[in-house]
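Student: First the structure, then my questions, so here it is.
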């Protein structure tokens with residue numbers, strides 16, 4: 001069994017806004033963020049974003065900066 005860890009990863013988000021009354025924060029809050037792991041023997045996973053807000057959209061996510069540790073400690077032993 002694996003050991004567990006927790007880290008924080010930061011992304012730079014680029015997008016488009018289609019009207020003058022909407023802010024970038026309003027667009028980001030309307031997204032549903034989901035993590036998908038398909039367990040098909042490959043090391044592939046997906047971050048899925050979906051929204052129904054037609055005032056704007058995310059066009060690009062870019063990983064930036066370093067990975068940060070969280071206050072929750074990692075496990076020191078393999079879990080069984």
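Nothing in this text is a laboratory measurement; each read-out follows from the coordinates by a stated rule. It should be emphasised that the depicted structure is a prediction, and the values quoted were computed from it without experimental measurement. Here the Cβ is made from the backbone with ideal geometry for all residues, glycine too, and neighbour counts use every protein chain on show.
Student: Which numbered condition in (1) touching a strand residue (DSSP E or B) at 6+ places or on another chain (Cβ under 8 Å); (2) part of a strand (DSSP E or B) is the only one that residue 66 fails?
Tutor: Of (1) touching a strand residue (DSSP E or B) at 6+ places or on another chain (Cβ under 8 Å); (2) part of a strand (DSSP E or B), only one is false for residue 66: (1).
Student: Related question: So residue 5 passes all but one of these: (1) in contact (Cβ under 8 Å) with a residue 40 or more places away in the chain; (2) exposed (fewer than 10 other Cβ atoms within 10 Å of the Cβ); (3) assigned to a loop (DSSP other than H, G, I, E, B). Which condition number does it fail?
Tutor: Status for residue 5: all satisfied but (2).
Per-residue answers, yes or no, for (1) surrounded by 11 or more Cβ atoms within 10 Å (Cβ to Cβ); (2) without any contact (Cβ under 8 Å) to a residue 24 or more places away in the chain:
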{"residue": "50", "(1), (2)": "no, yes"}
{"residue": "55", "(1), (2)": "yes, no"}
{"residue": "68", "(1), (2)": "no, no"}
{"residue": "74", "(1), (2)": "yes, no"}
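Student: Conditions: (1) part of a loop (DSSP other than H, G, I, E, B); (2) out of contact with any helix residue (DSSP H, G or I) (no Cβ under 9 Å at 6 or more places or on another chain); (3) surrounded by 10 or more Cβ atoms within 10 Å (Cβ to Cβ). Residue 42 meets all but one. Number of the miss?
Tutor: Every listed condition holds for residue 42 apart from (3).
Student: Next question, about the same structure. Do the conditions hold for residue 59, that is, is it over 18 Å from residue 2 (Cβ atoms), touching a strand residue (DSSP E or B) at 6+ places or on another chain (Cβ under 7 Å) and touching a residue at least 12 places away in the same chain (Cβ under 8 Å)?
Tutor: Details: over 18 Å from residue 2 (Cβ atoms): yes; touching a strand residue (DSSP E or B) at 6+ places or on another chain (Cβ under 7 Å): yes; touching a residue at least 12 places away in the same chain (Cβ under 8 Å): yes.
For residue 59, the condition - over 18 Å from residue 2 (Cβ atoms), touching a strand residue (DSSP E or B) at 6+ places or on another chain (Cβ under 7 Å) and touching a residue at least 12 places away in the same chain (Cβ under 8 Å) - is met.
Student: Do we have any residue at all in segment 26-39 that's in contact with a strand residue (DSSP E or B) (Cβ under 6 Å, 6 or more places away or on another chain), surrounded by 11 or more Cβ atoms within 10 Å (Cβ to Cβ), without any contact (Cβ under 8 Å) to a residue 60 or more places away in the chain and assigned to a strand (DSSP E or B)?
Tutor: No, segment 26-39 contains no residue that is in contact with a strand residue (DSSP E or B) (Cβ under 6 Å, 6 or more places away or on another chain), surrounded by 11 or more Cβ atoms within 10 Å (Cβ to Cβ), without any contact (Cβ under 8 Å) to a residue 60 or more places away in the chain and assigned to a strand (DSSP E or B).
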